[in-house]
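The values are calculated or read from the model by the stated rules, or taken from the named source; none is laboratory data. What you see is a predicted model; the values in this text were computed from it and never measured. A quick note on method: Cβ atoms are made from the backbone with ideal geometry, for glycine too, and the neighbour counts reach across all protein chains shown. Calculation scope for accessible area: heavy atoms of the full protein, side chains included, ligands and nucleic acids excluded. Shrake-Rupley method; radii C 1.70, N 1.55, O 1.52, S 1.80 Å.
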Amino acid sequence: RLDSNLSSLPKRLMPYLTLGGEKLLQIDFKNAQFAILGHILSSYNHSEIISAFRNEFYFELLIGKTNLQEKEDVKKFIHCTRGGFYELVTTELGLSSRDDAKTLMFQILFASRKFQSTEKSHLKSVFPSVLNFISSFKNEYGDASFPIMLQRMEAKVFVDKLFTLLREKRIICYPKHD
């Protein structure tokens, strides 16, 4: 995690930031960790993703742990993680906002596999194979291992690859994670 004055700045203040008199451009990869999970579930055994994360301990734990690509709930999960994930969760669970959906999903992702709530039960009825996969992974490797794996993969993509590439091209950029 990269912490700075920028990363802790409230989102509502971002439009007022400038650099050299020019407004900053903000790029947001929405639901990144869930999109990464969707990619894992859809292509974990493809050579390019295996080679990309071969040296990552947690990715190695996934090899052979999932054979879910053909399940309908997994297909739906993969599809919605490519755009509109929190909106789908908001609708499916009857939540009042996208922010409520995001909070709930991170609660489920970061909480113990034993965490129970009405919303988690409802979500499990929508994505049973996905939530069973997450729970099984946490059961086998510890509750913290699953979110740590996703955070490491996200950092590898955004900090190690994208941020480095932009800096090499002399594009001024500052990472801001929420």
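Check the stretch 150-169 and report whether any residue there is surrounded by fewer than 17 Cβ atoms within 10 Å (Cβ to Cβ), part of a loop (DSSP other than H, G, I, E, B), out of contact with any Cys (no Cβ under 6 Å at 6 or more places or on another chain) and modelled with pLDDT of 90 or more. Yes, the conditions are met somewhere in the stretch 150-169. Here Ala35 fulfils each of the conditions (1) open to solvent by 80 Å² or more (accessible area, probe 1.4 Å); (2) at pLDDT 75 or above; (3) in a helix (DSSP H, G or I) apart from (1). Entry remark, the stretch 115-149: residues being at negative phi, part of a loop (DSSP other than H, G, I, E, B) and without any contact (Cβ under 8 Å) to a residue 24 or more places away in the chain number 4 in total.
Scanning the stretch 88-101 for residues that are outside any loop (DSSP other than H, G, I, E, B), open to solvent by less than 80 Å² (accessible area, probe 1.4 Å) and free of Cβ contacts under 8 Å to residues at least 24 places away in the same chain gives Leu88, Thr90, Arg98, Asp100, Ala101. In the set (1) in contact with a strand residue (DSSP E or B) (Cβ under 9 Å, 6 or more places away or on another chain); (2) open to solvent by less than 40 Å² (accessible area, probe 1.4 Å), Ile172 fails one condition alone, (2).
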